[in-house]
Structures are given as structure tokens and as C-alpha cells.
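No lab work stands behind these numbers, since they all come straight from the coordinates. Being a predicted model, the structure only gives us computed values, none of them experimental. Neighbour counts run over all protein chains shown; Cβ positions are idealised from the backbone, glycine included.
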């Protein structure tokens, strides 16, 4: 991850930890089943405050060590605090392009909604170096399933954010294609699987979720936090979202195995 990308999230770690959703344990368990090597180190690259690390740890057997690698100081502070009592989780300062592990030491590398911040060529080369033959490389991404309320929130961000054009371009790069993975010289064919799940929330919970997005925080810095919250609450009122509701999610997993 480039330094300017990590700096973009300074000061947001507590908000991320509280309001960003995690990932389904079943997705990581399915990846562990694909590992075909004795290495028992799993690496969570760009782990943030640990939302993905928690599910990864729960999915793996007791003989696995999880290394949560995060370049941002603020994110790493919350990450280390969250797992200070977990001997099976080790927190490290590092980037996707320079992982702090020896050659052939890992059985599983995951990047969860972080891939678009990486130098991909350098990241794939580093993953090939760190993974043992038969180890698995995977990119996971959470997507909100469309609803009128989510569409209205997205339309508000699109209308008011000066960064939305960059955001749309970034959306197209948040995960590799199966073809991209299959073209990697030191990996086998790429595969894909989607896991559906639900989250119970309310209007304030959805607002809090949107406030973890870097694009929305750019908007906050321009027009003010109070104004953004008031505008999003007005959208909830207009949509009749006055109580609790179910937010539908999909987690897409793209993975390949090291030759």
C-alpha cells in the first residue's frame, strides 16, 4: 500500500472498528480448505483495525498463526489493542508490496477490501515469494446489495463529492478478475465464490457505516460532519426508514493457488 493511501485513513480507525462490518467466517474456512501445503501462517494484508482478522482467526484451526499486516499507525494501534490477548494473532507493520515474512512461509494470504490500494504487480510478486507451493492467495470484498435507501445514499454522495469520479474508477479495481488471477505466472487458475449474509441495522447504523468511507470523509471535510449527517437523516426520513431494517450483503472471494 502506498504511504499516501495509508495516511488517508489516519484518525478513522476507531470508526472503522465500530461500524465497518466484518466478513463471514465461512468464506475464510472455505479458503483454508483449499490450502495444499503444511505452512500454517495466514496473512491478513491491509488488516485495518482487525474486522477481517477476527473472522479469519475464528475460521482457522488452532495450529494456525494469523499475521495481521497494516501500514497505518492509527489502524495498527486499534488492531494491536483488539488482539493483545490473542496469542494466535501477531500484528506487524508492513505493506502489501513488502511483507515482513520469509520466503515460502505462509499457507494463506488474504486482502479484504484493500486490493485497490496496492501496487498490484509488486503485491502479486510478493505473494508468490511469501506463499509456500500449494498456498492460497485470496481477495475478498464486501458489497451492499442494492435497495432504494442505499441507492439514495449513493446518489447523495455522487452529487456532492468532488472525488466521486475517482471513487467510481476505484470501484472497478477493487478486486481482480478470475482471468487476471489465472494469468499470473506462478499461480494456478483463478476461482470465484460469493457468500450472502445479512446485517440488522437502523438509519443511524447506515449513516455510521457510510462515515467509514474515505469518499464520504472527503465530503465531511468540505461541508462539515453535522451537515452530512443531517442530509443523510433527511434521506432516511424521506425513504420511511424510521425503525430497524435488514441490510443485505454479499462477500465476493477471488482466489488462486501457488504453483
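Each peptide in 209-218, 249-258, 13-22, 151-160 receives the mean, over its residues, of other Cβ atoms within 10 Å, and ordering these scores from highest gives 249-258, 209-218, 13-22, 151-160.
In terms of the mean number of neighbouring beta-carbon atoms within 10 Å, the peptides 120-127, 177-184 order highest first as 120-127, 177-184. With a Förster radius of 25 Å applied to the C-beta separation of residue 188 and residue 147, the computed FRET efficiency comes to 0.10. Is the range 20-125 rounded, prolate or oblate when judged by the Cα gyration tensor, a ≥ b ≥ c being the square roots of its eigenvalues, rounded requiring a/c under 1.5 and prolate requiring a/b larger than b/c? Rounded, since a/c falls under 1.5. Computing FRET efficiency as 1/(1 + (r/R0)^6) for residue 129 and residue 242, where r is the C-beta to C-beta distance and R0 is 45 Å, gives about 0.25. Diagonalising the gyration tensor over the Cα atoms of the chain and scaling each eigenvalue by 5 before taking the square root yields semi-axes of 32, 18, 18 Å, largest first. Computed from the Cβ-Cβ distance with R0 of 22 Å, the FRET efficiency linking residue 259 to residue 26 stands at 0.25. Helix 120-130 and the long axis of the chain differ in direction by around 40°, with both axes built from C-alpha atoms.
What separates the Cα centres of the range 104-154 and the range 172-209 is a distance of 7 Å.
Highest mobility in the GNM of the chain, judged by mean-square fluctuation with C-alpha springs under 10 Å and restricted to 243, 50, 104, is found for 243.
Taking 0.36 nm per residue of separation and subtracting the current Cα-Cα distance, fully stretching the chain between residue 62 and residue 230 would add 55.8 nm.
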